[in-house]
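Some notes on the structure that comes next.
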Amino acid sequence: MVRVSPTPRRVTAALVAVIALLGSGCSGPGQRPGSPPSSAPATDPAPPSSAPPDDPATRAAALIAELADEDLVGQVLMPYAYGDRATEVSVGSAAGNQALAGVDTPAEMIEKYRLGGLILVGFSADDPTQSNQATTNVDNPKQVRELTTGLRTAAGKLPAGAAPFLIGTDQEYGVVTRITDGVTMLPSALAAGAAGDPALTEAAWRAAGAELAAMGINLDFAPVADVLVTRSTVIGSRSFGADPQRAAEQVGGAVRGLQAVGVAATVKHFPGHGHSADDSHKDLPVLGQPRKKLETEAWPPFTAGIEAGALAVMSAHLDVQSVDPGVAATFSYKLLTEVLRGQLGFQGVVITDGMNMPPARRWSPGEAAVRALKAGNDLILMPPNVGQAYDGLLAALRDGSLPRARLVEAATRVLTMKFTLAGGEQPELSTLNTPAHRKAAGALAAAAVTVLRGRCDSTGVRGPVTVTSSGGRAHTRAALTEALTAAGVKVVPSGGTVVHLVGYGDGAADLRDDAAVTVAMDTPYVLARATSPSLLATYSSSRASMAALADVLAGKARPQGRSPVKVTGLPATTCAD
C-alpha cells in the first residue's frame, strides 16, 4: 500500500522547466501548431535532471511534455457522472449524461474529454449538501469497486493514462458521508473535536482511508478545516469545533491518517466556511471579519493540514470582504495565489468547490472554469456542463486569455499528485469493517461522549429504559436499543426511563419535557433549551457513537469528552479534568 510522505511537496525544478518550455509557446511534443504563446517564468529554470527520475513532479513534467492541448484541459476537469457502472447505465442515467456531457456513459465521458478524474456523488441522511448532488452512483462497496475499476480502465487508454485516474468523493463521516453501507462509520468531526486526541483521530482516519482505497477511491474531499464560530447548519458537526488550535490538531491527524494509506486528503473549505452561517449551496456567504481575525481564527487548521502534507485544498464560494470584497474565493487570485500559496505556502492541488453551486453559476460553465483556473485553482470540480467547461478552457487557451503557463502549471500539479499516489496494490474488500477498524472508530466515539448537565459519576440509568427521538430516526433508536441491551440495560417500548435523542436540524420543539436524559447527536446547541436532569452529547449518530453512549448510560464507561463549541448556560463538561 502506497504511503504519502508527510512532508509538504514542493513543485520541483523539473516542473518549473516544463512550464517554461510549454508556456513559452515553443513547439514541443504534443503541442498544437500555432498555439498562442503566453508569459513564461522570468527566471532561468534549473535543469530537469536536478530531481530524481522517479520523483512524482519529474514524472509529471515528462508526461506533460507529451500531451496535446486537449489532454491538458481534460486533466484539470473533475465532473460527476450518472450511472453506477462505467460502461452500462440505465436509460435515465444515459439521458442525464447526455444533458451533462453529450455522452451515454461515464467511460465515454472520460474518453471524450480526456478527464483527469471523476467525483462519485450521493446522498446521506440529514445531508446539508444535497442541493448540489444531482444524482447518486454509490450503493455498496462491491458496486463502488466495480465502478472505479471500470473508470480506471477507460482512463488508462488516454494519452495521460500512465498517471493514476483520480476518483474522489465526500466521505467526511457524519452528515456528509457518501458510502454508508458495509463500511466502518467514524463519528463526526465534531465528535473527534470533543475527544480532543489527535492520535485517536489519526488512527480512525487511517482505517477509513484503507477502506476508501479498497473501493478504488484515492481522493477524499475531507477533512473539513472550517472553525465553527457561527451556528452554521451547513458546516455544523462537519467541523472539529470552535477553537482554531484544537481544530488544527484534529485536521493534522485526519490528514496523516488518510495519506498514510495512499488516499489524498483535501482540506476544506478555504478560507473558512465556519465564519459564516450562510449556505454557499444557496447563495454567496459574506465573511466580514478583519483579515487579522481570519489569520488567527480561521486559517490555523488549513496551515496544520498543509504542514501535515495535505495534497489538496478546496477553495470555497465565500466573499472575504477584508481581502477581495465582492469576489468569491473560488475566483480570487488574491486569496488563492497570494494568500493560500504565498502566505500559507501551499504547493499542492487547489480544487474548486462544486461549480454547479449558485455562486459559480453567475457565469457560463466555460467562463467560470477559466476564471477559476486563472485565480489559482488546479482542478475544476463538478462543472454543470462538462462540454461547455471543456470547450471554454480550450478556446481561452487558444485565444490567449488563459495563459498556457497557468494551464501547464495546473495540469502538472494534478499529475504530480497522481504520481504521488501511484504504486502499491489495492487492498481487498475484506479490509472493510474489520474488528480493528471498528475498534479505532469506537475508541474515538467513546472519547467523545460528553456530560453537559448532571453528575459525571452517576450517568447510569436504573430500571427499564425507553428510547425516543425526534422524527425519522428509527435506525438510530434501534442501534441504541441494541447497544443498551448488549450492555445489560432492559429497553421497553414505553413506560421506562426516557432517553431522548435529538440530531441534525432539531430545535426546541423536538425536545421532551419528560426525558430523564437528552442526548445531542449533532451540534449540541439545542441542549440549552432542554429541561432533562442529564444532558449528554455524542455529536454523531453512528453505531460506534451509540455503542459508546450505551456504555456510559449503563455505567460501564466514564464520559471523557468536552464540548468543542459553547452552549448557552452549560459547561463544556461537568466531569473534572
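Consider region 215-246. How many of its residues are modelled with pLDDT under 95, of a type outside the set (Lys, Arg) and open to solvent by 10 Å² or more (accessible area, probe 1.4 Å)? Number satisfying all stated conditions: 3. Of all residues in region 391-405, those that are more than 13 Å from residue 72 (Cβ to Cβ) have Cβ atoms under 9 Å from Cβ atoms of residues that are open to solvent by 10 Å² or more (accessible area, probe 1.4 Å) and basic (Lys, Arg), 6 or more apart or on another chain, in 401/374.
Counting the residues of region 485-509 that are closer than 26 Å to residue 235 by Cα and either surrounded by fewer than 18 Cβ atoms within 10 Å (Cβ to Cβ) or touching a His at 6+ places or on another chain (Cβ under 9 Å) (or both) gives 4. The condition of being of a type in the set (Ser, Thr, Tyr) and without any contact (Cβ under 8 Å) to a residue 40 or more places away in the chain holds for only one of 322, 276, 315, that being 322. Just to verify a result, which residue in region 60-91, among those that are of a type outside the set (D, E, K, R), open to solvent by 50 Å² or more (accessible area, probe 1.4 Å) and farther than 22 Å from residue 420 by Cα, is farthest from the chain's Cα centre (by Cα)? Per the criteria, the residue is 91. Residue 554 meets the stated requirement of being over 13 Å from residue 456 (Cβ atoms), hydrophobic (A, V, I, L, M, F, W, C) and either open to solvent by 10 Å² or more (accessible area, probe 1.4 Å) or in contact (Cβ under 8 Å) with a residue 40 or more places away in the chain (or both). Scanning region 344-359 for residues that are more than 16 Å from residue 310 (Cα to Cα) and either in contact (Cβ under 8 Å) with a residue 60 or more places away in the chain or not in a loop (DSSP other than H, G, I, E, B) (or both) turns up 353, 354, 356, 357, 358, 359. From the set of residues in region 450-465 that are out of contact with any helix residue (DSSP H, G or I) (no Cβ under 7 Å at 6 or more places or on another chain) and more than 20 Å from residue 483 (Cα to Cα), which is surrounded by the most Cβ atoms within 10 Å (Cβ to Cβ)? Once the filter is applied, the top-ranked residue is 453.
For region 425-440, the count of residues that are more than 30 Å from residue 548 (Cβ to Cβ), open to solvent by 10 Å² or more (accessible area, probe 1.4 Å) and in contact (Cβ under 8 Å) with a residue 40 or more places away in the chain is nonzero.
I'd like to know if region 567-577 contains one or more residues that are under 23 Å from residue 172 (Cα atoms) and either without any contact (Cβ under 8 Å) to a residue 24 or more places away in the chain or not small (Gly, Ala, Ser) (or both). Scanning region 567-577, I find no residue that is under 23 Å from residue 172 (Cα atoms) and either without any contact (Cβ under 8 Å) to a residue 24 or more places away in the chain or not small (Gly, Ala, Ser) (or both), so the answer is no. Only one of the listed residues (405, 436) is in a helix (DSSP H, G or I) and within 30 Å of residue 553 (Cβ to Cβ). That residue is 436.
Among the residues making up region 110-120, those that are open to solvent by 10 Å² or more (accessible area, probe 1.4 Å) and outside any loop (DSSP other than H, G, I, E, B) are 111, 112, 113. Of 57, 107, all but one fail to be farther than 16 Å from residue 378 by Cβ, in contact (Cβ under 8 Å) with a residue 24 or more places away in the chain, surrounded by 20 or more Cβ atoms within 10 Å (Cβ to Cβ) and of a type in the set (Gly, Ala, Ser); the exception is 107. Look at (1) assigned to a helix (DSSP H, G or I); (2) under 29 Å from residue 434 (Cβ atoms); (3) in contact (Cβ under 8 Å) with a residue 60 or more places away in the chain and you find that residue 199 fails only one, number (3).
The values are calculated or read from the model by the stated rules, or taken from the named source; none is laboratory data. The structure displayed is predicted, hence computed values, not measured ones. Virtual Cβ from ideal backbone geometry, glycine too; neighbours counted across all protein chains shown. Just so you know, the surface numbers come from the protein's heavy atoms only, side chains and all, with ligands and any DNA or RNA stripped out. Shrake-Rupley method; radii C 1.70, N 1.55, O 1.52, S 1.80 Å.
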